[in-house]
Amino acid sequence: MRAVDFTQPAGEAALTPPDSVTWQVFDNPVALFVGGVTAVLLELAEPRVRSGVWDHTTFRSDPLGRMERTGLAAMVTVYGARSTAEQMIAGVRRMHERVRGTTKDGVPYHANDPELLDWVQATATFGFLEAYRAFVRPLSDAARDQFYADGVEAARLYGAVGAPASRARLEALFEAMTPKLERSDIVFEFLDIMQRTPILPGPLRRIQWMMVRAGVEVVPARVREILGLDARFGLRAYERKIVRALGWLAERVRLPSSPAAQSRRRVGLPGSDLRLRIGATR
């Protein structure tokens, strides 16, 4: 995927507004890393999604490249100008059209299947939001519902026409999908790749595995049980405090080169934002 200038076209709005909970959550790199791990674990629990991801992507051979491309796609979806996001999403849809096959049990799958797209969208929104709540700061119930509602337009562009628009809809989807989830050695292969791949820079590598295990903790307990992710894959109490401290710090350090900062300049807003006031619990 080519590099994206989030400052252009000048004045053009994104799919979600700058004062949304979505802009707030996606501007925190700790929530993104931890929530991304959660989302992938939930995706890999579904056998059709797992086959599509593991058999048709470069994650095993080029995990860093794959994660960078996925991360950029998420940033464009949230912060990119609407025309840029729509063009990128259409390209993803075309690519997904070629992703099809059968699971090891002979069940057919297609990456553009609306049921699978709904699950992928739900796991991503759940992962990022719950990682933010767990390791950055609390959000009100209304703000959490708004986060799901904000993602509906982009989800439909991706083909996820039944993506949950509220916490209640998400819980209903999880309830319906849980019986279809299953354990797989691929989950443990994924965690091994996340442990040994140099994702974080320099000295931060020492906490990378800690942040991966934070992502495991965000996975609902019932799904952790299905996947065989016991307490060994979770955080110790002092590690949980470290990850929360990192989330708190990331919430207060703003990089002028970040997609959020560039996008605010694109729509004519100042560099400061309202993220420490949006949706806070009282």
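FYI, it's all coordinate maths here, none of it is from the lab. The structure presented is a predicted model; accordingly, all values stated were derived computationally and were not measured. Every residue, glycine as well, gets a Cβ built from its backbone with ideal geometry; the counts of neighbours run over all protein chains shown.
Of note:
- Space enclosed by the convex hull of the alpha-carbon atoms of region 21-266, per residue, Å³: 124
- Its Cα gyration tensor gives region 223-275 an equivalent ellipsoid; the semi-axes, largest first and in whole Å, are 36, 15, 8.
- Nearest-20 debye value, the chain charge dipole, Cβ charges on Lys, Arg, Asp, Glu: 820
- Trypsin sites (Lys or Arg not before Pro) within region 123-177, DSSP loop, no more than 16 other Cβ atoms inside 10 Å: none
- Where the Cα pairs of region 2-127 fall when distances are cut into 5 Å bins, in %: 2, 10, 17, 23, 21, 15, 8, 3, 1, 0, 0
- Fully extended contour minus Cα-Cα distance, from Arg69 to Lys104, at 0.36 nm per residue: 9.9 nm
- Over region 185-257, equivalent-ellipsoid semi-axes from the Cα gyration tensor in Å: 24, 16, 11
- Burial ranking of peptide ranges 14-22, 100-108 (average Cβ count within 10 Å, highest at the top): 14-22, 100-108
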